[in-house]
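A.B. asks: So that we are looking at the same thing, I have put the structure below in structure tokens.
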Amino acid sequence: MELVLIRHGQSEWNAKNLFTGWRDVPLSEQGIAEAQAAGRKLAEKGYQFDLAFTSVLTRAIKTCNIVLEESGQLWVPQIKSWRLNERHYGKLQGLDKKQTAEQYGDEQVRIWRRSYDTLPPLLDPQDEFSAHNDRRYAHLPADVVPDGENLKVTLERVLPFWHDQIAPAILSGKRVLVAAHGNSLRALAKHIEQISDADIMGLEIPTGQPLVYRLDDKLNAVEKFYL
Ligand SMILES: O=C(O)[C@@H](CO)OP(=O)(O)O
């Protein structure tokens, strides 16, 4: 069985080197081009999908739409879930990564960005950009809506979606595309590849490049490659 993951194309805040998290920012022109090229490449290689999953953030949804459109499959059903959102970066959201490193040190920023269980500074739930004040999460219990996440917490909210939605679709024979975010995909990769808490720190997922997993019947990765 195969599974195709793709991190959204470059966003405008990726281009400006800003922490993004749950802030809903658009794709940059480069990001749109990356998504278009990815869709064309998937079409050239004959990849067909029966179901697509994405987050509730514009950059991933647009990437999913563009990839499907460029491969002549915009009709494919899509399921959107907050559980595939990027890791919530708390108070760091909107801050310049370089300036943050100058203020707190490179090591602290490296830990905030890539450690498994260190939380970023938490966002005030009263903040205008808090997810508590965003209609798309209004259906969630207040204690489920994050004010900041690390990869461990991100994995804990991604995995139920994997077990309840994505894995059953794959096991039923559906060809699945997941268009999501750097850290929600790192969380999925950690699970699929059984990567250790220590080793996950070293995993990076580039924007806009289709990542293909060949899975065994237990949905463990037996092969992975970028198209
Ligand atoms: O800012 C973010 O939301 C993420 C992904 O763009 O950045 P990082 O790669 O530092 O986790």
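A.B. asks: When the residues of segment 82-141 are filtered to those that are of a type in the set (D, E) and closer than 21 Å to L159 by Cα, which remaining residue is modelled with the lowest pLDDT?
C.D. replies: The first filter runs over segment 82-141 and keeps only residues of a type in the set (D, E), leaving 86, 96, 102, 106-107, 117, 124, 127-128, 134.
Okay, now just the ones that are also closer than 21 Å to L159 by Cα, so 86, 117.
Numbers: E86: 98, D117: 92.
Out of the qualifying residues, it is D117.
A.B. asks: Continuing with the same structure: Of the numbered conditions (1) in contact with an Asp or Glu (Cβ under 8 Å, 6 or more places away or on another chain); (2) touching a residue at least 24 places away in the same chain (Cβ under 8 Å); (3) open to solvent by less than 40 Å² (accessible area, probe 1.4 Å), L119 satisfies every one except a single condition; which is it?
C.D. replies: (3)
A.B. asks: Which of the residues spanning segment 128-151 are assigned to a loop (DSSP other than H, G, I, E, B), open to solvent by 50 Å² or more (accessible area, probe 1.4 Å) and among the charged types (D, E, K, R)? If you could, list the steps in order and put the result at the bottom.
C.D. replies: Start the filter on segment 128-151 by keeping residues that are assigned to a loop (DSSP other than H, G, I, E, B), which leaves 128-130, 134, 138-150.
Filter once more, keeping what is open to solvent by 50 Å² or more (accessible area, probe 1.4 Å): 128-129, 138-139, 141-144.
E128, D143 - these are the residues of segment 128-151 that are assigned to a loop (DSSP other than H, G, I, E, B), open to solvent by 50 Å² or more (accessible area, probe 1.4 Å) and among the charged types (D, E, K, R).
A.B. asks: Any chance segment 48-63 includes a residue that's farther than 29 Å from V145 by Cα and open to solvent by less than 20 Å² (accessible area, probe 1.4 Å)? Write out each step before concluding.
C.D. replies: The first filter runs over segment 48-63 and keeps only residues farther than 29 Å from V145 by Cα, leaving 48-50.
Narrowing further to those that are open to solvent by less than 20 Å² (accessible area, probe 1.4 Å): 49.
Taking every residue of segment 48-63 in turn, at least one turns out to be farther than 29 Å from V145 by Cα and open to solvent by less than 20 Å² (accessible area, probe 1.4 Å).
A.B. asks: Something else about it: Out of segment 95-105, which residues are within 13 Å of the ligand (Cβ to nearest atom) and free of Cβ contacts under 8 Å to residues at least 40 places away in the same chain?
C.D. replies: From segment 95-105, those within 13 Å of the ligand (Cβ to nearest atom) are 95-98, 100-101; that's our starting set.
Selection gives A101 alone.
A.B. asks: Let me ask something else. Could you list, in sequence order, the residues of segment 51-88 that are hydroxyl-bearing (S, T, Y) and out of contact with any helix residue (DSSP H, G or I) (no Cβ under 8 Å at 6 or more places or on another chain)?
C.D. replies: Just the residues of segment 51-88 that are hydroxyl-bearing (S, T, Y), to begin with: 54-55, 58, 63, 71, 81.
If the condition is that a residue be hydroxyl-bearing (S, T, Y) and out of contact with any helix residue (DSSP H, G or I) (no Cβ under 8 Å at 6 or more places or on another chain), then T58 is the only one that fits.
A.B. asks: Just the residues that are open to solvent by less than 20 Å² (accessible area, probe 1.4 Å) and at pLDDT below 95, please, taken from segment 1-47.
C.D. replies: none
A.B. asks: Can you tell me which residue in segment 154-170 is farthest from L219 (Cα to Cα), limited to those that are open to solvent by 40 Å² or more (accessible area, probe 1.4 Å) and of a type in the set (D, E, K, R)?
C.D. replies: E156
A.B. asks: Can you work out which of the residues in segment 171-227 that are hydrophobic (A, V, I, L, M, F, W, C) and part of a loop (DSSP other than H, G, I, E, B) is most open to solvent (accessible area, probe 1.4 Å)?
C.D. replies: Residues of segment 171-227 that are hydrophobic (A, V, I, L, M, F, W, C), as a first pass: 171, 176-180, 185, 187-189, 192, 195, 198, 200-201, 203, 205, 211-212, 215, 219, 221-222, 225, 227.
Checking the rest, the ones that are also part of a loop (DSSP other than H, G, I, E, B) come to 195, 198, 203, 205, 219, 227.
Working: I195: 31, A198: 77, L203: 27, I205: 10, L219: 12, L227: 34 Å².
Once the filter is applied, the top-ranked residue is A198.
The values are calculated or read from the model by the stated rules, or taken from the named source; none is laboratory data. This one's a predicted model, so the numbers in the text were calculated from it and none came from an experiment. Note that each Cβ is placed from the backbone with ideal geometry, even for glycine, and that neighbours are counted across all protein chains shown. In case anyone asks, the SASA skips ligands and DNA or RNA and just uses the protein heavy atoms, side chains included. Shrake-Rupley method; radii C 1.70, N 1.55, O 1.52, S 1.80 Å.
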